[in-house]
Number of protein chains: 4
Amino acid sequence: MFFASDNAGPAHPSVIDAVVAANTGYAAAYGSDPHMETLRTRLRTLFEAPDAAVYLVATGTAANALALATLGQPWQTIFCTPVAHIFEDECNAPEFFSGGTKLTQIAGSDKMDPATLAAVVATQEMRGVHSPQRGPLSLTQATEKGQVYTCDELAALTSVARAHDLPVHMDGARFANALVKLGCSAAEMTWKAGIDAVSFGGTKNGLMGAEAVIFFDPAHAWEFELRRKRAAHLFSKHRYLSAQIAAYLENDLWLRLAADANARATRLAALLQRAGARLTAAPDANMVFAELPRATHAALKSGGAQYHLWSGTLEGDDPAAPLEARFVCDWSLPDAELARFAALLDTVAQPA
Amino acid sequence: MFFASDNAGPAHPSVIDAVVAANTGYAAAYGSDPHMETLRTRLRTLFEAPDAAVYLVATGTAANALALATLGQPWQTIFCTPVAHIFEDECNAPEFFSGGTKLTQIAGSDKMDPATLAAVVATQEMRGVHSPQRGPLSLTQATEKGQVYTCDELAALTSVARAHDLPVHMDGARFANALVKLGCSAAEMTWKAGIDAVSFGGTKNGLMGAEAVIFFDPAHAWEFELRRKRAAHLFSKHRYLSAQIAAYLENDLWLRLAADANARATRLAALLQRAGARLTAAPDANMVFAELPRATHAALKSGGAQYHLWSGTLEGDDPAAPLEARFVCDWSLPDAELARFAALLDTVAQPA
Amino acid sequence: MFFASDNAGPAHPSVIDAVVAANTGYAAAYGSDPHMETLRTRLRTLFEAPDAAVYLVATGTAANALALATLGQPWQTIFCTPVAHIFEDECNAPEFFSGGTKLTQIAGSDKMDPATLAAVVATQEMRGVHSPQRGPLSLTQATEKGQVYTCDELAALTSVARAHDLPVHMDGARFANALVKLGCSAAEMTWKAGIDAVSFGGTKNGLMGAEAVIFFDPAHAWEFELRRKRAAHLFSKHRYLSAQIAAYLENDLWLRLAADANARATRLAALLQRAGARLTAAPDANMVFAELPRATHAALKSGGAQYHLWSGTLEGDDPAAPLEARFVCDWSLPDAELARFAALLDTVAQPA
Amino acid sequence: MFFASDNAGPAHPSVIDAVVAANTGYAAAYGSDPHMETLRTRLRTLFEAPDAAVYLVATGTAANALALATLGQPWQTIFCTPVAHIFEDECNAPEFFSGGTKLTQIAGSDKMDPATLAAVVATQEMRGVHSPQRGPLSLTQATEKGQVYTCDELAALTSVARAHDLPVHMDGARFANALVKLGCSAAEMTWKAGIDAVSFGGTKNGLMGAEAVIFFDPAHAWEFELRRKRAAHLFSKHRYLSAQIAAYLENDLWLRLAADANARATRLAALLQRAGARLTAAPDANMVFAELPRATHAALKSGGAQYHLWSGTLEGDDPAAPLEARFVCDWSLPDAELARFAALLDTVAQPA
């Protein structure tokens, strides 16, 4: 009953097979392999963006930090939510890669509100050269709490940025989970909604470790290549990255894995609600955020369930105190484990 | 009727005289001048800190950014208020000098609250290596809104930092204004209250452009010297900085100038209140933050008063809407100007 | 007949098998996997360094740049040869990771000379705070031109550094090739010879992409972890890195692969010399640097040999002009290809 | 008999007078003072560059590092001589301000040779994305050893840069000394010779501490302003910088001071040569580099002459060993001191 993270599961067998298949003879290094040439075309087609610049890196943090550094300047500030991965979970990687950019929080929730964004952006440069200057907007899709922006919601946010000529980055660590939720095209969820660059994640959805970075305006291409090399994220044996993403796209594997994970999260959310949990975010993708009494958490964890508390700890006086937890369903989660968890829930929780 | 800034006034004649007097013959460059040797001793005595490392730079932003970079590490976050000069007014200088440190806002007011600080610091490293790590606490004394922490208030804040082994920096751009308000010693307001390094400002209080940076622990000395040189803030003809600060300390000039400025602000606050203004911060030092109706601001500015609106603009539908403004009294403000402003206020404002 | 690079070959089948085997169920992320625990112990044993801090990254440039940034300070200069990978081939990665360190060339050859090093180091800080300060020494073993320092040669160089309290880094991209050449222990070639940190390469010798960074003094451990995360080089699905290096060490695979590659280079050097080539560096490891007439290069390349010219180009007036070339033998080079190349050489070259 | 540095002399009385005169009433801060407006026009006229962007800072290192960071990118390398101030004397300031740029030495002498430059630049990007990319060329006029490039020599160097689309920076710490030597216009020595940005020094030639940075292409203006603020080099009481440079230009003070200093250096060179010294660089500006026997140096220093040995030390076995020294004449050097030095030389040195 492992719901701790989608970073801990294995890679899909097809992905491993592709890596094994790529392991033959010599191949041009540093992204000049024929795999990459094919893959670039495939991603451009997928995004309906024939001129897009397409690159691979191995970690999501690299994708985000390199993309943001390329879009912005060190005297600017990046607009993001207070729970954004780039704000909380990257140990200042965006600041490092950009050379000292600030990050400005758009308070409210893990889904950014266009009016709040507009208000913050409007006052950012009040003091001219003394103020950190307005920089990129970064949106996470699906969000850190597993919610999904509709294309209209994305467009409303990107139009605020556009009004100030600010570029927009999408942290798509769970891009596939969002896309299958919306049922729209990759183009609709990105450049048609005003996104300039996307971190197209794969690691959380069945890869060993590979992410694409896509700039819809190829003007950024050479700068990105230099930044990637300088940051030591250009792989010599690049074919093993290319092969992973190629397998990921083959026969819509990526969409099928995400759809499976989302479906499990939907089922898990229902189980939790039936057991009296209060959902603290819409379970749009492959994660469920829910409050349960401290005592219930203790019982679930004793029973073998693995997941992270998002607020509070098991230690505490009040067994009824509601503690928020995160439950993540990765692509590999066996149905039997969900069933086991349902049974465990029945044992330990009182219906609402 | 100039209340726009204490950055715009002249230097005190004694300071200029000292600069003129220093302009004789050859003097060892880069801080090896005899002036500096004397001054170092004088500052150590003033702060009752015989081992302190003492350096001069020419701008307050340099003092802050160099001190913070020396105290912290690039993977850390600096704790400050949302209105801190280092957050709002230095165009990412702290991030630049430190190599990418984050700044974490302790929300609430421009006077930091120890409980809020404790809560934020406690959760900062929740995610281990993924979290920006806890770094220096930076306090502004007097605050950006002209309030002054008591020594006990400072101690309460620094003890939160101390509990996590975090160093504490004081942005003392208006150090003198705070000190004369409290009537305590420089040692009491700094290291005896838990401060590790202070930006000892002078530019806003009668100098041409000179600030001292003082580390009470001399372990930081050589690193600071290298950082200062590398940041191009080591002056070859350093004697002109030394001479300014020496004159500043001579016969308590710095305290007299600050006391004068504070007294004027106190008088100004009374005038504004009498005219119906609502003070939005305690006028502890040389600044008054106050709300007046938009129409009153328009009339004051038409009448020749110069100051900055802190919220809103003169353009707007509602003439009665309260807009916050900042009024700064620098050391050189003539009493006659205050009298003129009082007369103007009488003309344009309705008593509360 | 591929001699272009040891970056272009496949991974050894045992390495791929280990990756496939690791792909089962959930595993703790970010280096907390049990594979890594075992591997850490194994590397400590190999290096006879029970306290060593051991980390994995995916690229050699990351290993070098993170190690050097951890050992040095941004106001220092790193001492290296003019042909060092860190100087010529990393697009300023050391400068980026360190926050602006300089690199000082120790001129002469691709094997550094202790006397030249001593002379340069001695004068580096002649101007006190104005000079870039002395920083880490970085040695490449085997060198960029395929030469191997003896342990005594290493000790002579590191003792120069030690005399100035400078840390020493070894770029071991071809560590195994050097070790099998010397026939000594890993400890003897590193900390017993005065090395503080080593980039223990694997990618060029049969891995997909994995390198270890080892600090013999564990004081650097936590800083390195934060630097690695901040630079986006901490892998969530870290098990795939661990598995590669574990397989690499298993049954001395790494030493066998390096010995094979070295043996082929020895044979290749003999073939080239027989054909009249002048060797420009001792072929101690898996590379041969040799001069051949321009016309011979043209004929070899027409005949299907793939390798890089190190000086000059095929275009040029003088067919007899000697051009230096680099021939690399990777672990996977088939003997038959060497035989084909020998036959080709017989056809195109005149014996000396 | 002070020949140690032109950093140690006083400011010219006219400059001090101007600072005193500027010290009246309130003046707009941060470079918005009326002094600056006038000065900007004056400098544009002087340089025959009506669109030039003109800024002031207080140190030469700030001028150089900010200009170079604005002209280049962090993944590039700056081309300079091995004795350039930016290479040897700024403690990695260019690397810091630029975010990690490398500096590539054009070996040979302190006057750069166009052919050597061309050869180095040509091979800089041999390895594509792996190589540090070609960046700005930085020339020092007058050079570190007091030599002056003719306008043709400058044009020959800048044309190499131009052929690769590289911007060119002039470190003009001793700009005036070079200009009076050449007798040409400021425009001829800069943009007409292919210079894009100049650090227009004043501190070494009679100012307290003020330098201008001039970009002939105003496209760089806003970026420079943000970089200057972020680096804490934007002065609030900017009028004291403006006033210095205004006085410097008034009635050609700057040219007269430089001409005087140069004339003294010419006389000093003759004295030294008469005493048997070998000049090691042409004494084109206000410095003389000369070799004298160790014993002569010892006697001169015992006799009260102050200057720096550039090679070797007084300690040593061979009293006849030639040691290079630097003698600097600043604007304030009294003629009587030169006469005293002449007399001292007569006492201690043997004619050649």
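Readers should treat all values here as calculations from the given coordinates under stated rules, not as data from a laboratory. Not measured: the values here are computed from a predicted model. Backbone-built Cβ (ideal geometry, glycine too); neighbour counts: all protein chains shown.
Numbers at a glance
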item: Placed amide H near C:PHE79: partners under 5 Å, 5+ positions off or other chain; result: C:THR104, C:GLY135, C:LEU137, C:SER138
item: Fewest-first sequence of A:HIS308, D:HIS12 by Cβ atoms within 10 Å of each Cβ; result: A:HIS308, D:HIS12
item: Shielding by partners - mean other protein chain Cβ count within 10 Å, residues of D:187-193; result: 0
item: Mean ellipticity per residue at 222 nm, deg cm²/dmol - from DSSP H runs of n ≥ 4 across the protein assembly as shown, formula -39500 (n - 2.57); result: -12500 deg cm²/dmol
item: Spacing of the two label points (7 Å from each Cα toward its C-beta) at D:ALA343 and D:THR116, in nm; result: 4.3 nm
item: Sorted by Cβ density within 10 Å, fewest first, the residues C:ASP196, C:ASP152, D:ASP113; result: C:ASP152, D:ASP113, C:ASP196
item: DSSP-defined beta bridges in chain B - what % are antiparallel, rounded to 5; result: 55 percent
item: Whole-Hz ³J(HN,Hα) from phi, Karplus 6.51 cos²θ - 1.76 cosθ + 1.60, for the range A:289-302, glycine and proline x; result: 9, 8, 9, 9, x, 3, 5, 5, 4, 4, 5, 4, 5, 4
item: Shielding by partners - mean other protein chain Cβ count within 10 Å, residues of D:71-81; result: 3
item: Rel. contact order, % - alpha carbon contacts under 8 angstrom, at least six apart, the range A:255-348; result: 32 percent
item: DSSP bridge orientation in the protein assembly as shown - percent antiparallel, rounded to nearest 5; result: 55 percent
item: Length-normalised contact order for chain A - Cα pairs under 8 Å, 6+ apart - percent; result: 24 percent
item: Cross-link table B:LYS237/D:LYS237; A:LYS102/C:LYS229; B:LYS145/B:LYS237; C:LYS111/C:LYS301, entries beyond 23 Å C-alpha to C-alpha; result: B:LYS145/B:LYS237; C:LYS111/C:LYS301
item: Kirkwood-based Rg to Rh ratio, the range B:211-330, C-alpha trace; result: 1.17
item: Under-5 Å amide H pairs with D:LEU323, H placed in peptide plane, nonlocal only; result: D:LEU292, D:ARG294
item: Amide H partners (placed H, <5 Å) of C:SER5, local residues excluded; result: C:VAL328
item: Within 10 Å of each Cβ in A:238-251, the average number of Cβ atoms from other chains; result: 1
item: For the protein assembly as shown: rounded, prolate or oblate by the Cα gyration tensor [a/c cutoff 1.5]; result: oblate
item: For the range B:158-171, Karplus couplings with θ = phi - 60° (6.51, -1.76, 1.60), whole Hz, Gly/Pro x; result: 5, 5, 5, 4, 4, 4, 10, 6, 9, x, 10, 10, 10, 7
item: Shape of chain A, Cα gyration tensor, a/c cut at 1.5; result: oblate
item: Residue among A:HIS85, A:HIS238, A:HIS164 with the largest mean-square fluctuation in a Gaussian network model of chain A, springs linking Cα atoms under 10 Å; result: A:HIS164
item: Karplus-derived HN-Hα couplings along the range A:128-134 (A = 6.51, B = -1.76, C = 1.60, θ = phi - 60°), whole Hz, x at Gly and Pro; result: x, 5, 7, 7, x, 7, 4
item: Separation of the D:CYS151 and B:GLN306 label points, Cα + 7 Å toward Cβ, nm; result: 4.3 nm
item: GluC sites (Glu not before Pro) within the range C:5-98: DSSP coil, no more than 16 neighbouring Cβ in 10 Å; result: C:GLU48
item: Copies compared at A:HIS308 - label distances in nm, ascending, label defined 7 Å from Cα in the Cβ direction; result: 3.9, 4.1, 5.4
item: Cross-link partners of A:LYS204 among aspartates and glutamates (Cα-Cα below 12 Å; sequence separation of 8 or more within a chain); result: A:ASP6, A:ASP330
item: Prolate/oblate/rounded call for the range B:104-236, Cα gyration tensor, a/c under 1.5 rounded; result: oblate
item: For the B-to-C rotation axis, chain B residue with nearest beta carbon and its distance in angstrom; result: B:GLY99, 2
item: Backbone N under 19 Å from the B:ALA107 label point (7 Å along Cα→Cβ), restricted to the range A:84-98; result: A:84-89
item: Farthest toward positive dipole pole in the range D:13-253 [+1 Lys/Arg, -1 Asp/Glu at C-beta], among D:HIS130, D:TRP75, D:ALA231; result: D:ALA231
item: Neighbour-count order for A:LEU279, C:LEU300, fewest beta carbons within 10 angstrom listed first; result: A:LEU279, C:LEU300
